[in-house]
Amino acid sequence: MQQINIALIGTGVIAHAHMEYYGEIEGVNVIAACDLDEKKLNDFCDKWHIPHRYTDYRELLKRDDILAVDVCLHNNLHAPISVAVMAAGKHCYCEKPMAGSYNDAVAMKEAAAHYGVKLHIQLAMLYGAHGNAAKKLVDGGRLGKIYHARSYGYRRRGRPFVDGYAEKEFVSPHWAGHGALYDMGVYHISQLLYLLGTPKVERVSGTVYQELAMDSKRRVESGYDVEELGVGFVKFAGGLTMDILESWAIHGSEFPMSALYGTEGGLQFAMKGETKSMKFFSEIEGYPAETELDLGAEQYRRHQLNPKLFSVYEKCQAHWIGALRGECEHIDTPHIALQTMLISEGIFLSGKLGREVTADEIPELSVSNAIRRQDAPFGELTYPPHPFYK
């Protein structure tokens with residue numbers, strides 16, 4: 001078993017979840033962590049028994065005993081810190097969304113190629129029982145020709161910070177860039193793109209909303225100015241379409257979950273909380289049929305028959321470590337995440353311009369949101385002079 005030494009940059013809420021996942025993988029050692037807040041850093045490292053602690057990420061990156069670095073920072077820090085990680089010769093795992101804008105995400109993907117390292121983005125819904133089952137049905141041709149996809153995500157009232165949980169930076173344009181589409185929509189859109197083989201985007205339309213009342217003190221304290229509802233429509237090459245509805249807050253009942261519709265069958269993901277079922281719609285001799293798949297039983301059987309192979313398709317961190325060890329073919333999450341960013345940015349631009357935008361327009365209109373000024377945390381985050389920076 002190859003021992004893998006990992007470091008984390010950022011010790012907030014999501015970093016604790018990452019530590020739980022790493023703890024389930026044999027031979028993974030998180031040996032260093034970095035955060036500007038020294039108390040938070042020490043509390044985190046004490047809890048997870050991490051020996052080496054840094055308040056300057058540049059000092060951490062000088063270590064030669066670290067194979068990969070996990071970036072657990074706010075969205076607009078993803079690009080500058082991830083690029084610095086890769087420039088130091090380390091493989092990079094980065095939280096979703098890939099970056100604060102399409103422009104910055106492109107820089108990350110090109111930096112990985114430039115430095116010859118692996119980049120992985122946390123797209124959690126590509127894995128697990130639902131992801132594995134859906135992939136089998138789609139790849140097996142059970143849906144026939146898929147012509148429409150539906151990307152849905154619902155919260156009745158769940159905006160970070162202003163509705164009572166998480167940190168205020170989650171709803172700040174300076175730190176997060178955007179809201180519901182970046183926080184939740186990235187999971188659902190990327191899952192569908194993966195199942196569809198990441199089709200070529202042609203046109204995007206949509207808009208975003210920020211309409212519901214919130215605690216006035218928290219609005220001021222956080223500088224809340226991101227979307228609570230994102231609505232979009234995508235046209236792909238070959239006639240395939242996708243509609244998108246992603247809510248942090250809405251006066252309405254729960255949406256149906258994401259779905260795929262094909263000429264031979266349809267696939268609907270389980271409602272919230274139903275983790276071990278999936279519905280498949282078809283016809284049997286002309287009779288409409290609805291089949292509920294028992295995902296738990298098949299997941300158990302596959303895991304018993306080939307636990308090592310199956311484990312690398314259960315969770316994002318397990319797949320990442322498996323790819324570093326050469327145990328599985330690395331899913332191209334940077335490409336999937338970049339196309340997800342293209343769609344999200346297309347929705348933002350469409351709402352701003354009041355019209356549909358083409359896939360060619362989006363990169364031209366996208367601007368960097370990356371925090372890289374002298375007053376930014378982690379020091380002066382200026383991009384190195386390489387040709388992939390715009």
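The values are calculated or read from the model by the stated rules, or taken from the named source; none is laboratory data. Predicted, not measured: the structure shown is a model, and the values here were computed from it. With ideal geometry, Cβ positions are generated from the backbone for all residues, glycine too; neighbour counts draw on all protein chains shown. Quick note on the areas: whole protein, heavy atoms, side chains included, nothing else; ligands and nucleic acids left out. Shrake-Rupley method; radii C 1.70, N 1.55, O 1.52, S 1.80 Å.
Some notes on this structure:
- Selection from the stretch 5-20 of residues that are more than 22 Å from residue 167 (Cα to Cα) and open to solvent by 20 Å² or more (accessible area, probe 1.4 Å): 5
- Residues of the stretch 197-255 satisfying the condition of being closer than 16 Å to residue 152 by Cβ, of a type in the set (Val, Ile, Thr) and outside any strand (DSSP E or B): 250
- The residues of the stretch 206-232 that are surrounded by fewer than 18 Cβ atoms within 10 Å (Cβ to Cβ), in contact with a strand residue (DSSP E or B) (Cβ under 7 Å, 6 or more places away or on another chain) and in contact (Cβ under 8 Å) with a residue 24 or more places away in the chain, listed by number, are 207, 212.
- For the stretch 4-32, a residue qualifies if it is assigned to a loop (DSSP other than H, G, I, E, B) and touching a helix residue (DSSP H, G or I) at 6+ places or on another chain (Cβ under 6 Å), and the qualifying residues are 11, 25.
- Single match in 357, 367 (criterion: under 30 Å from residue 37 (Cα atoms) and at pLDDT 90 or above): 367
- Pick from the stretch 233-250, criterion in contact (Cβ under 8 Å) with a residue 60 or more places away in the chain and open to solvent by 10 Å² or more (accessible area, probe 1.4 Å), ranking: nearest to residue 178 (Cα to Cα): 245
- Any hit, the stretch 138-149, residues being under 14 Å from the mean Cα position of the chain (by Cα), within 24 Å of residue 270 (Cα to Cα) and surrounded by fewer than 22 Cβ atoms within 10 Å (Cβ to Cβ): no
- Taken over the stretch 37-55, residues that are open to solvent by 90 Å² or more (accessible area, probe 1.4 Å) and either in contact (Cβ under 8 Å) with a residue 24 or more places away in the chain or farther than 22 Å from residue 77 by Cα (or both) amount to 2.
- Any hit, the stretch 56-72, residues being surrounded by fewer than 22 Cβ atoms within 10 Å (Cβ to Cβ) and part of a helix (DSSP H, G or I): yes
- Residue match in the stretch 292-312 (condition: free of Cβ contacts under 8 Å to residues at least 60 places away in the same chain, among the aliphatic types (A, V, I, L, M) and surrounded by fewer than 13 Cβ atoms within 10 Å (Cβ to Cβ)): yes
- Single residue of 315, 279 found to be under 24 Å from residue 141 (Cα atoms) and among the basic types (Lys, Arg): 279
- Every residue from the stretch 171-221 that is in contact with an Asp or Glu (Cβ under 7 Å, 6 or more places away or on another chain) and among the hydroxyl-bearing types (Ser, Thr, Tyr): 205, 209
- Being open to solvent by 40 Å² or more (accessible area, probe 1.4 Å), of a type outside the set (Lys, Arg) and at negative phi is a property that residue 317 lacks.
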